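See structure below.
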Amino acid sequence: TIPAIKNTVTKDNPSLSIDGLGISMTFSSITTDGNLDVTVKDPNDIVTDTGAESLDGGALKMISSGADVTTVSSIIDFGLTGSTAQSGVMTITLPYDVSTVTAAGYTEDELTVIHYTGGEWVTESYCATNTSDSTITCTVDTLSPFGIGGSHKSSTSVGGCIDCSPPYLEDSMIVTVASNEPVVINSNDISNIVAKVGETVSVTLFVNDDNGPSDVDSVSLFTNFISNPDMNLFYANNVNNIGEVSTSFYQWNEHIDDLSYDGSGIVSFSEPTVLIDNSMEVTFTMVWTEVMAESEVMYRVFDARYNEYRDTLPLTIEITESDGTVTSEDVTSEDVTSEDVTSEDVTS
C-alpha cells in the first residue's frame, strides 16, 4: 500500500483534486474541518481483506452486486481522519485508461464503479461516464475503497444474464401548466412547453422495468441547461449532448434521500408524487421565479440492479414574463396546447 495522501477539507473548501492520480472529490457539506486520506491500495491487501481474486497483470476479479467485475484501475481508499466530519452525499471522480479497458476486453459503456462497503463489493448506481475525459463521477453516501471495473452485460457469477436491461420510459408523458388541461406528449415529436413566471409546470413520466415498475430505484429530471455555468462542481455532472450543464434538477430515490439542486436560483421543485400500477408514474413539479430561455429536458432512470438509462425528452420548456400573454397565435407548430389533447389521451 502506498502511503496515504493527506488532503485538507473545510466548510469553505469542501472540494479536492489530486492531479497525480486524476482523482477529484466534493462534499456537499463539511461540518467539522479536517483531513481526508486517499490511499492507493496494494492488490494483495484487497485480496486478503475482501476476498477478491488476483489475476495476471495485477487486475482483480470480484463479485459486485451479483455480477462478475474485473478491475481496470487501482483500488482507492477514501477516509476522513480524526474529528473530521461531513453530512449528506459526496461526488467522487475516478479516471480510467482507455487502452487498459480495451486490453481487458471491455468497452467504456461496460465500466462500473465498485465500492467495498458493509463487508461486500457493491456497484454504484448514481454515476456518469465522461468519455471525453475518461472519467466516471459517482454520487455516494459513504467512504471506503472504490475502483473502476468492467462487467459484461451478458454474464454474471451464476451464468446467464440476470436483469441486465435498464428501466425504460413509456412512449407518452403528460405535461400540465398551471390549471390548464394536461397535455399528452408522444415520443415522435419535440414539443415546446411555454409557461409564465410563477406558473406551476408538472411533468409526469411513466417508467417501467423488465422486472416490473417496483424494481425502478431512481428517476431524475434535468433542465435549465447552460454553457459553462458558475455553479457548485458537486452538481455539475449532468451534461447534454452539446456540452451544456443542467443547473436545475431533481433526483427521486427509492432508498436514499432525494437530491434537488438549482444553481440558477430561479427554479423551485416540489417533492415528486410516485404512483405504481402497471408502470411507475412519477410527477415532477416546478415553479420558475424568472424567465428562462427554451431549454432541453433530460431524464435518467436506474433499477435495483444498477442498470441505467438516460436520454433527452421530446420536449423543451420556456418561461416567459408573468405579465405576457401566450395565445394560440403565439404558439408555433412545435408548441403544444390543450387543443392537441383528446379525452382519450389523458390518463388518471
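Which of [x] 75, 67, 38; [y] 70, 48, 39; [z] 69, 49, 33 is the computed Cα extents along the principal axes in Å for the structure on display?
[z]
Would you grab the residues whose amide H sits under 5 Å from the one on H152? Only those 5+ places off in sequence or on another chain, please, with H modelled 1.01 Å from N.
Under 5 Å from the amide H of H152 lies no amide H from a residue far enough along the sequence or on another chain.
Counting pairs of alpha carbon atoms under 8 Å apart in space and at least six apart in sequence, what relative contact order in percent does region 102-153 give?
44 percent
Relative contact order for the chain using alpha-carbon pairs under 8 Å, separation at least 6, rounded to a whole percent?
Rounded, it is 15 percent for the chain.
Could you tell me the center-to-center distance, by alpha carbons, between region 205-279 and region 301-316 in angstrom?
After rounding, the separation between the Cα centres reads 10 Å.
Can you grab the distance from the C-alpha centre of region 55-77 to the C-alpha centre of region 1-44, Å, no decimals?
Answer, in whole Å: 22.
With Cβ to Cβ distances under 13 Å as the rule, what net charge do the other residues near G51 carry (K, R +1; D, E -1)?
Its environment carries a net charge of -3.
So, R0 is 30 Å and r is the distance between the beta-carbons of I2 and V239; what FRET efficiency does that work out to, to 0.05?
Once the sixth-power term is evaluated, E becomes 0.40.
Taken together, the values in this text are just the output of simple stated rules run on the coordinates, not laboratory data. The shown structure was predicted, so the numbers you read here are calculated from the model rather than taken from an experiment. Positions of Cβ are backbone-derived with ideal geometry, glycine not excepted, and every protein chain shown enters the neighbour counts.
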